[in-house]
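Take a look at the structure set out below.
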Amino acid sequence: MIQISNPKNNSPNSALRILLALGILAGMSLALPATGEAVTSITPITWNIVGLDSNTPAFGPNRFPVGARVCSATGETNLPVTFTWDPATPNPFIDLRLGSANPIVIPSISPGGCADAYFEVEVQKTSAAFDTTRRYRISAGGLSTPAARELYVERLVSQSRNSIDGMTMSTSLAGLSTAPNIPNGGSIDLLVGNTYYIRMFSHTATQGYEQLESFVNFPNTIFQVLSVETTY
């Protein structure tokens, strides 16, 4: 699900991520006050496997959403969420995308509610990155995800048995069932301030894999992931 804002107006926006639905926060001032003492938990919500094409690492995907869910007992406004690399495990092949927002500001969390924050991790397109790791944590309101959590660069299987079959977009959840398919290389028009639902379909081989990821990348400088739902 996505809502979009104009960065120049400092208004909130959102986006979608598959494996999840996304919302993205654009143009919010990082100096805005926050009430971090009300944060009660922060939990990882994405896999720690990233990677490159196993056959041709110079091609294929190399940017991955990495996020956490922040919950508050009493509610929050303008809450910064920060991504931090562990200095004990430096890795020149794994970093945040250049220009990616960090910290991300969550505009509001209702009392007893939660909100998600997604960061954009980029893997350098070189075979030297395979099987390397880098530890990180995501922090908000004095709490953080486990410090020993790490990203691992896997060899991604890219044969024709794995494919994205289609994607649809609508301003309502019910509208997704009749929305036309967006072709590969196609485009969609998204208006500032609106909320959108995006659904992606993919398939893999029948013998299955231990780990799977299907997702859409939306720059966190423009969009905010609001919610995600996955069906296997």
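The values are calculated or read from the model by the stated rules, or taken from the named source; none is laboratory data. Here the structure is a predicted model, which means the values were calculated and not measured. FYI the Cβ positions are ideal-geometry reconstructions off the backbone, even for glycines, and counts take in every protein chain you see. These area figures cover heavy atoms from the full protein model, side chains too; ligands, DNA and RNA do not enter into them. Shrake-Rupley method; radii C 1.70, N 1.55, O 1.52, S 1.80 Å.
Some values worked out for this structure:
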item: Anisotropy class of the range 135-232 from Cα gyration tensor, a/c 1.5 cut; result: oblate
item: Area accessible to solvent at Glu213, 1.4 Å probe radius, in Å²; result: 60 Å²
item: Shape call, the range 56-192: gyration tensor on alpha carbons, a/c limit 1.5; result: oblate
item: Residue order for Trp85, Trp47 - accessible surface, 1.4 angstrom probe, largest first; result: Trp47, Trp85
item: Computed accessible area, Arg199, all protein chains, 1.4 angstrom probe, square angstrom; result: 90 Å²
item: The range 179-232: C-alpha gyration tensor shape, a/c 1.5 cut-off, then a/b vs b/c; result: prolate
item: Sum of side-chain charges, Ala115 neighbourhood, beta-carbon under 13 Å (Lys, Arg +1; Asp, Glu -1); result: -1
item: Computed Rg/Rh of the range 153-203, alpha carbon atoms with Kirkwood Rh; result: 1.08
item: Spin-label proximity, Thr230 to the range 165-193 - amide N less than 20 Å from point 7 Å beyond Cα toward beta carbon; result: 165-168
item: Size descriptor, Kirkwood hydrodynamic radius, that averages inverse alpha-carbon separations across the range 64-117, Å; result: 12.7 Å
item: Range of Cα positions in the range 119-160 per principal axis (Å), largest first; result: 44, 21, 14
item: Cut-off 11 Å between beta-carbons: net charge of the residues surrounding Pro219, Lys and Arg +1, Asp and Glu -1; result: +1
